[in-house]
Amino acid sequence: MKHRVYYGEYTLSHWVELILKKNIILPPYQRHFVWKEDAVLRFIKTLENDEFVPPVIIGFLKAKSEKQNLILDGQQRLTSILLAYYNVMPDYKTFKIKQRDTGNYAEGDELEEYENGENGENDVLNWTFENLIGTTIGSITKESILQKGNYKVLNLSLPEDFFETRYLGFSYIIPQVSNVSKSQGFYSSVFRNINFQGVPLLSQESRNALYYFNGCKSDFFAPSCCENIKISYLSSASQLDFVRYMSLLSQYKKNQSSACLARGFRSNMEGYYENYVYSVLEKNDDDTYGKFEDIFPEEEYQQRLRNLGEAIAQIGLSSKEFPSIIDMDAYFFGLIYYVVIEGKKLNVGDNGISELKEKIDNNILAYKSDSHHQQVPNAFRYMRKRVGDSIGLYSGYVQ
């Protein structure tokens with residue numbers, strides 16, 4: 001048997017104690033709190049009526065000398081119990097963020113989705129119970145929470161013995177594997193295969209679980225130099241998806257052509273990106289993307305990411321918000337290809353930057369003069385054209 005699994009149940013008050021003492025924690029890939037107030041109230045009513053509630057799943061992880069109990073499934077339930085315990089709810093207007101179903105990453109096809117009547121947005125809270133309990137272990141009260149100004153009274157009327165007489169079950173997993181990386185991989189696969197009350201994972205959340213396979217590469221999949229580069233989508237903004245660029249450009253380097261990029265993945269681009277992540281983490285010689293080590297000898301990529309950050313700043317894109325995926329692609333396909341994939345640097349002076357940006361902007365105008373390109377920018381023929389054009393344009397501006 002590869003993994004030991006223990007089963008049991010705790011009183012709700014004991015679950016609260018475990019959270020407050022940080023004996024159970026959220027792993028870094030866990031989603032925001034997505035239950036609205038009515039869902040919290042329904043769940044608490046279910047507990048009050050002694051109806052069945054699926055058990056939560058906790059996983060044991062030992063990293064060096066540190067032992068952790070990770071919440072793999074059940075964050076929404078446990079958070080709701082904690083909120084009910086203090087009879088408060090995070091203020092929706094304060095913490096609300098809007099995320100597209102592309103996982104809050106810039107993907108494209110935004111106009112096509114709107115035309116089909118599906119804007120892909122999900123209202124969630126930029127909040128987890130860690131915002132409530134803070135970074136240090138200490139006592140908190142309902143009064144101290146309300147004083148923060150970001151919470152409101154939940155108006156629950158529960159029996160006095162509610163938290164001592166209601167129970168929530170658990171499954172406790174101890175993986176029988178040899179190292180931390182394999183434990184993390186196992187837990188991320190568990191996380192990706194479970195979901196509660198039909199609230200689907202955003203692709204970003206799902207992909208973050210993949211990154212957890214190998215914590216030392218999280219800076220590669222989501223480099224800090226790209227975190228403030230976004231696309232505006234009506235009432236929301238989507239972050240540059242570095243994995244999207246790296247997967248397409250790795251295949252471009254292997255084939256030396258944009259003609260067949262992502263062939264066979266028209267209806268499942270997220271699968272294409274996930275395959276790239278697996279190819280990096282599992283170090284396999286993928287027929288699609290080539291070997292990670294061939295692009296980054298000895299897996300040394302940090303300096304190239306630093307060079308990318310410098311190039312982004314040099315062009316003036318560090319906190320840029322683009323109006324569409326067309327604009328972003330025109331600027332970043334060639335830049336990321338030469339700086340990150342090829343390991344080169346920009347070779348431009350002040351006049352050269354102005355000249356480069358003018359050429360890129362002219363390409364963007366040409367793309368948008370085609371109404372269909374503007375409406376469905378991620379149609380493969382348009383995406384592939386932007387890849388080839390951007391790489392060709394930057395070729396005259398790198399060392």
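Placing pseudo-labels 7 Å out from each Cα toward the beta carbon at E355 and E130 gives an inter-label distance of 4.8 nm.
Above 24 Å lies some portion of the pair distances; for segment 219-397, what is it as a whole percent of all C-alpha pairs? Value for segment 219-397 (Cα pairs over 24 Å): 34 percent. Quick one: which of K93/K368; K96/K182; K217/K345 span more than 31 angstrom between C-alpha atoms? Listed pairs above 31 Å: K93/K368; K96/K182.
Separation of segment 46-61 from segment 303-338 is 45 Å, based on Cα centroids.
Which of the residue pairs K36/K230; K230/K253; K344/K385 have a Cα-Cα distance greater than 29 Å in the structure shown? From the list (K36/K230; K230/K253; K344/K385), the Cα-Cα distance tops 29 Å for no pair.
We did not get these values from a lab; they are worked out from the coordinates using the rules stated. Here the structure is a predicted model, which means the values were calculated and not measured. In this analysis, Cβ positions are derived from the backbone assuming ideal geometry, glycine residues included, and neighbour counts consider all displayed protein chains.
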